[in-house]
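These notes are about the structure you will find just below.
Each value in this text was obtained by applying a stated rule to the coordinates, not by laboratory testing. These numbers were taken from a predicted model, which means no experiment stands behind them. Because the Cβ atoms are built from the backbone with ideal geometry, glycine has one as well, and the counts that use them run over all protein chains shown.
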Amino acid sequence: METISNVTPREGAPGNEENPFEAMMERFDRAADLLSLDAGLYKVLRNPERQIITSIPITMDNGEIEVFKGYRVHYNTSRGPAKGGIRYDLAVNLDEVTALAAWMTWKCAVVDVPFGGAKGGVVCDPFRMSQGELERLTRRYTASLIELLGPEKDVPAPDVNTNEKMMAWIMDTYSMHKRHTVTAVVTGKPIAIGGSRGRKEATGRGVMISVKEALRELGIPVLGTKVAVQGFGNVGSIAAKLMQDEGLTVVAISDKTTGIYNPDGINIDDAVEWIQKNRFLDGYKAGDPVTNEQILELECDVLAPCALENVITRKNAGSIKAKVIAEGANGPTTAPADAILDAKGVFVVPDILANAGGVTVSYFEWVQNREGYYWTEEVVNERLREVMVRSFNDVSSFAKKHNVNMRTAAYMLSIDRVAAVHRLRGVYA
Ligand code: NAD
């Protein structure tokens, strides 16, 4: 038996440096205050539009029925269809999904793609489920949200522990209900069924472009600039490879098993080959071993946290030596750490800008699906570069104009853009 309910938006949560909703709201409040956002719009933008909780029954391989809890949150859809990934994880909860949906709202506005912000998740341990169980879970979750989804309404994408195969199942389930193929209902699909060329590399490519723009702004030469990258998955490994191709020296990399430091530089092509054969960095001897805490504090010019949330906190922010931080991961820096980095003069390219390459190429995928005409990888990459450079410059100009750091400027710019749309549209009824 399936239940879908609209629940009352929450009213804040207990003060906690690592609570993602708190972290997002603290930045939002500061930006709204600096913008002198009027009280009515402040209330509108501080609350999610819609929060769905759904129970997802599936038959497990052993014949027993299990019921999983799923969420989908539309934070704000004033600028266009809700856009945001779906994550499968035991830690998924409504607070986290809501914070991530809000982040998506601001991220889409920073890069000025015509989407609102959403996020979804299912509480499950995908590593203990078979492919068949994951397929049934994905299809039933999609079916339970069927009225919400659609190219004009809500367009999911992959997130933590979901991948292009699951996006194909979502596309197929939705299409079966509609009785015709609808590719634009989801992005991050395999290329054979309407995925975009360049999507897999887009977030890492965006991180690389942000780093280059930051170095240009600070007058630091690209060649030989030392960078440490935490996380060597999709975002981290591609960002590292592309930064190396641009002439930076990658002195440290890490994954959940270990970190490696080599002040002379690590050959990233070689490291990627090692990962393809061995899955993890553990055992890779390209330098000295370092922990995931140490990698953040190494001697380097650029730090790119590309793994987890809340890794730069009030405890370690003071020890960071990098001049530039480019946030490939979502929410790697806590709000109290922001102030410490700011006081030290560290130039932070915030997540909602630095990792927005992914949603930008998701937008390109949606456009290509609707056009029915597919672009070459060169066209995708060039258009992505244009969007990232323009967005970086928009944020940087806002920062200078208002005398704030890049994070506050990114929030101010995006809130300003969403608020402007609300003013034009007015309040219905
Ligand atoms: P991924 O699963 O491909 O890679 C994650 C990497 O982090 C892996 O190398 C993993 O070993 C490492 N890791 C896990 N736990 C760790 C730990 N405790 N310490 C250090 N490293 C650890 O994921 P991804 O797609 O590369 O995403 C990474 C981050 O980027 C996430 O915060 C994600 O939300 C964000 N992000 C991803 C995209 C995208 O398009 N993939 C877009 C925007 C933001």
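Annotations
- For Gly259, the residues whose modelled amide H falls within less than 5 Å of its own, excluding neighbours fewer than 5 places apart on the same chain, are Val290.
- Largest GNM mean-square fluctuation across Gly63, Gly121, Gly283, computed for the chain with C-alpha springs under 10 Å, falls on Gly63.
- Three-way shape label, the stretch 240-315, alpha-carbon gyration tensor, a/c 1.5: oblate
- Listed residues Met412, Met388, Met129, most fluctuating in the chain (Gaussian network, C-alpha, under 10 Å): Met129
- For the stretch 123-129, the Karplus equation 6.51 cos²θ - 1.76 cosθ + 1.60, evaluated at θ = phi - 60°, returns couplings of 7, 6, 10, x, 6, 10, 10 Hz by residue, with Gly and Pro reported as x.
- Amide H to amide H distances under 5 Å link Ile52 with Arg72, Val73, His74, where only residues 5 or more positions off or on other chains count and H is placed in the peptide plane.
- Hz values of 3J(HN,Hα) by residue in the stretch 46-51 - Karplus curve (6.51, -1.76, 1.60), Gly and Pro given as x: 8, 10, x, 5, 8, 10
- DSSP beta bridges confined to the chain are antiparallel in about 50 percent of cases.
- Over all projection directions, the Cα-based convex hull of the chain averages an area of 21.0 nm².
- Taking the chain as a Gaussian network of alpha-carbon nodes connected by springs under 10 Å, the highest mean-square fluctuation of the residues Thr257, Thr54, Thr203 belongs to Thr257.
- Close amide H pairs (under 5 Å, H built 1.01 Å from N) link Ile86 with Gly120, Ala157, Asp159, residues at least 5 positions away or on another chain.
- Full-stretch length increase - Lys165, Asn310 - with 0.36 nm per residue and alpha-carbon distance subtracted: 49.3 nm
- R0 of 25 Å, Cβ-Cβ distance Asn403-Asp95: FRET efficiency to nearest 0.05: 0.15
- Residue-wise HN-Hα coupling along the stretch 180-190, computed from phi with Karplus coefficients 6.51, -1.76, 1.60 (Hz; x: Gly, Pro): 7, 6, 10, 6, 6, 7, 8, 10, x, 7, x
- Largest-first principal axis extents of the Cα set of the stretch 143-290 (Å): 58, 38, 23
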